[in-house]
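Undergrad: First the structure, then my questions, so here it is.
The values are calculated or read from the model by the stated rules, or taken from the named source; none is laboratory data. Since this is a predicted model, take the numbers as computed values, not measurements. FYI the Cβ positions are ideal-geometry reconstructions off the backbone, even for glycines, and counts take in every protein chain you see. Each accessible area value is taken on the protein alone, full model and side chains, heavy atoms only, with ligands, DNA and RNA left out. Shrake-Rupley method; radii C 1.70, N 1.55, O 1.52, S 1.80 Å.
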Amino acid sequence: MRPAVNEGAPITRPAMKPWIEAIHAYVPGKSKAADGRKLVKLSANENPLGTSEAALKARAAAPGPDRYPDPDSTELREALGALHGVDPGRIVCGTGSGELLTVAASAFAGPGDEVLYVRYGFSLYEIAARRCGATPVEAPDADYGTDVDTLLACVTERTRVVFVANPNNPTGSYLSRAELARLHSGLPGHVLLVIDQAYAEYVAPENDDGGVALANTHDNVLVMRTFSKAYGLAGERIGWATGAPALIGALNRLRGPFNVNLAGQQAAVAAVEDQAFVVSSRESNTQVRARFVAALEALGNFGLRPLPSEANFVLVLFEGALTAEAALLGLNDAGYAVRHLPGQGLPQALRITIGTEGQMDEVAQVLRTLAEGAQ
Ligand SMILES: *Cc1c(COP(=O)(O)O)cnc(C)c1O
């Protein structure tokens with residue numbers, strides 16, 4: 001039998017699902033200028049200290065690529081469980097936490113459901129929502145930060161998943177343990193709360209937001225972590241999530257079967273066991289960030305406003321004569337790539353990753369010269 005032919009023009013190519021067509025593909029941070037020059041990359045929140053030596057050694061010692069990796073990342077889950085006081089059975093590893101965020105939305109939301117997050121949240125949440133046909137809903141921000149009451153006011157009977165990055169990317173804002181607990185207790189039990197802790201290693205231990213404890217003790221909380229930021233393993237693509245067994249079971253059904261490569265698993269185990277590297281990354285970041293923020297606050301009369309950040313980047317608002325666009329170009333000319341996010345409704349801001357002290361002193365100096373010149 002011949003296929004039925006349409007009345008109008010014949011359909012000559014596969015038709016993308018409309019909810020997939022509505023996705024704007026993820027835009028990664030740049031590392032080159034428009035003319036192809038290589039720039040110092042302060043646009044993707046990578047670790048300026050690189051990677052733990054022990055992790056590099058373990059990665060180099062991994063067996064050849066002719067064998068599949070452990071599909072369950074068993075050793076890595078055990079190492080993570082020991083470090084964080086979590087049963088390894090309540091952990092799943094992913095190809096970056098990006099994979100896990102995406103499958104979490106797909107497992108618990110679909111057409112007709114809502115996926116909620118704050119305005120100026122991480123751009124992957126909208127993609128994750130659209131990908132499974134759910135409706136992305138943005139709660140209003142509070143001076144660029146997350147406000148628990150505003151977020152809770154946006155919960156409807158159709159809400160299935162709430163994403164909160166803590167610290168948040170791109171704003172750097174942070175919900176305290178008490179605020180996060182209040183958010184959780186304000187949600188109905190059938191709504192999944194995903195606490196995205198991509199930058200948690202940069203937060204001082206005494207300011208821990210309690211996310212892992214919530215995930216350990218409730219049936220509707222997933223915490224997501226990554227090796228891409230403080231661990232300095234962005235290129236290996238490794239993340240993990242923890243939560244109740246039913247939630248982990250859902251992610252296991254949807255994740256790729258051999259989703260973490262062999263060398264990456266070995267590197268990550270060694271990285272977990274080298275907490276000294278993580279601590280020095282955090283301490284260096286805290287010190288350099290404070291110095292950089294102070295240098296920018298001194299430019300307040302030029303309309304530059306760094307937002308408070310608990311992460312390894314600072315979102316800088318340009319509210320005076322110097323625009324974010326002009327600052328972006330000026331920094332490019334000086335050899336630095338930073339992140340401009342007009343597509344996320346932030347044409348007036350640049351997100352600048354905290355690099356080395358020398359780099360940040362130079363960035364601050366370039367911004368001062370540009371601001372003075374723009375008067
Ligand atoms: C970087 C980042 C991630 C993790 O990305 P992966 O490299 O896929 O692990 C997740 N959430 C936020 C908010 C991030 O900034």
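Undergrad: Does E126 qualify as being modelled with pLDDT of 95 or more, assigned to a helix (DSSP H, G or I) and either within 15 Å of the chain's Cα centre (by Cα) or closer than 30 Å to I20 by Cβ (or both)?
TA: yes
Undergrad: Residues of the stretch 36-63 being at pLDDT below 95 and out of contact with any helix residue (DSSP H, G or I) (no Cβ under 9 Å at 6 or more places or on another chain), which ones?
TA: Residues satisfying the conditions are G36, K38.
Undergrad: On the basis of being β-branched (V, I, T), within 16 Å of the ligand (Cβ to nearest atom) and either open to solvent by less than 50 Å² (accessible area, probe 1.4 Å) or within 19 Å of the chain's Cα centre (by Cα) (or both), does V260 make the cut?
TA: When the stated conditions are applied, V260 passes them.
Undergrad: Still on this structure, I have one more. Looking for something touching a residue at least 60 places away in the same chain (Cβ under 8 Å), open to solvent by 20 Å² or more (accessible area, probe 1.4 Å), within 24 Å of G29 (Cβ to Cβ) and not aliphatic (A, V, I, L, M) - is there at least one such residue anywhere in the stretch 237-247?
TA: Yes, because at least one residue in the stretch 237-247 is touching a residue at least 60 places away in the same chain (Cβ under 8 Å), open to solvent by 20 Å² or more (accessible area, probe 1.4 Å), within 24 Å of G29 (Cβ to Cβ) and not aliphatic (A, V, I, L, M).
Undergrad: To continue, here is another question. From R282, R291, R351, which residue is in a strand (DSSP E or B) and either within 24 Å of the chain's Cα centre (by Cα) or surrounded by fewer than 21 Cβ atoms within 10 Å (Cβ to Cβ) (or both)?
TA: R351
Undergrad: Just one of (1) in a strand (DSSP E or B); (2) without any contact (Cβ under 8 Å) to a residue 24 or more places away in the chain trips up E157, so point out which.
TA: Every condition holds for E157 apart from (1).
Undergrad: Among (1) of a type in the set (A, V, I, L, M); (2) open to solvent by 100 Å² or more (accessible area, probe 1.4 Å); (3) at pLDDT 95 or above, there is one condition I11 misses while meeting the rest; what is its number?
TA: (3)
Undergrad: Let me ask something else. Take the residues in the stretch 186-199 that are assigned to a loop (DSSP other than H, G, I, E, B) and not hydrophobic (A, V, I, L, M, F, W, C), then tell me which one is nearest to the ligand (Cβ to nearest atom).
TA: Top of the filtered list is Y199.
Undergrad: Within the stretch 57-81, which residues are part of a helix (DSSP H, G or I) and open to solvent by less than 70 Å² (accessible area, probe 1.4 Å)?
TA: A58, T74, L76, R77, A79, L80, G81 - these are the residues of the stretch 57-81 that are part of a helix (DSSP H, G or I) and open to solvent by less than 70 Å² (accessible area, probe 1.4 Å).
Undergrad: In the list G235, G172, which residue meets the criterion of being in a helix (DSSP H, G or I) and not hydroxyl-bearing (S, T, Y)?
TA: Only one candidate passes the filter, namely G235.
Undergrad: How many residues does the stretch 200-232 hold that are in a loop (DSSP other than H, G, I, E, B) and either open to solvent by 10 Å² or more (accessible area, probe 1.4 Å) or within 16 Å of the ligand (Cβ to nearest atom) (or both)?
TA: The total comes to 13.
Undergrad: Then there is this: Failed condition for A109, given (1) more than 16 Å from the ligand (Cβ to nearest atom); (2) under 28 Å from A128 (Cβ atoms); (3) open to solvent by 50 Å² or more (accessible area, probe 1.4 Å), with all others met?
TA: Unmet condition: (3).
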